[in-house]
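Structure first, then comments.
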Amino acid sequence: MDLKEQFEQAVTESKSLPERPGNDTLLQLYSLYKQASEGDINADPPSNPFDFVAKAKYEAWAGLKGKSSTEAMTEYVELIKKLKG
């Protein structure tokens, strides 16, 4: 199975983990997914300073700027394996 197939399988498996990951792990999964599928962040920061969720997501994704999609896919797959136990 190539990396893209492993990544797609991990995305599917992320929806049925044995227990819900903590917020930090969820942000990590989100940012790795976005970096793997879309590359470097291409959106403006959230305009509402009180939208803390959007701000956290934006900052998590922006923190991966420069990471290749291959690296992000690999890290996502490894993180899902770890969360599955």
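Every read-out reported here was derived from the displayed coordinates using simple, explicitly stated rules and does not represent laboratory data. Since we're looking at a predicted model, the values are computed, not measured. Virtual Cβ from ideal backbone geometry, glycine too; neighbours counted across all protein chains shown.
Structure summary
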{"read-out": "Restricting the chain to GluC sites (Glu not before Pro) in coil, as DSSP defines it, with at most 13 other Cβ within 10 Å", "value": "Glu19"}
{"read-out": "Residue-span extension gain [Tyr30 to Ala54] - 0.36 nm each, minus C-alpha spacing", "value": "7.5 nm"}
{"read-out": "Cut-off of 10 Å, at most 13 other beta carbons, DSSP loop: longest stretch of the chain lacking such trypsin sites (Lys or Arg not before Pro)", "value": "16-64"}
{"read-out": "Stokes-Einstein diffusion coefficient of the chain, Kirkwood radius over Cα pairs, 20 °C, 1.002 mPa s, in µm²/s", "value": "161"}
{"read-out": "Estimated translational D of region 4-45 in µm²/s (Stokes, Kirkwood radius over Cα pairs; 25 °C; 0.890 mPa s)", "value": "213"}
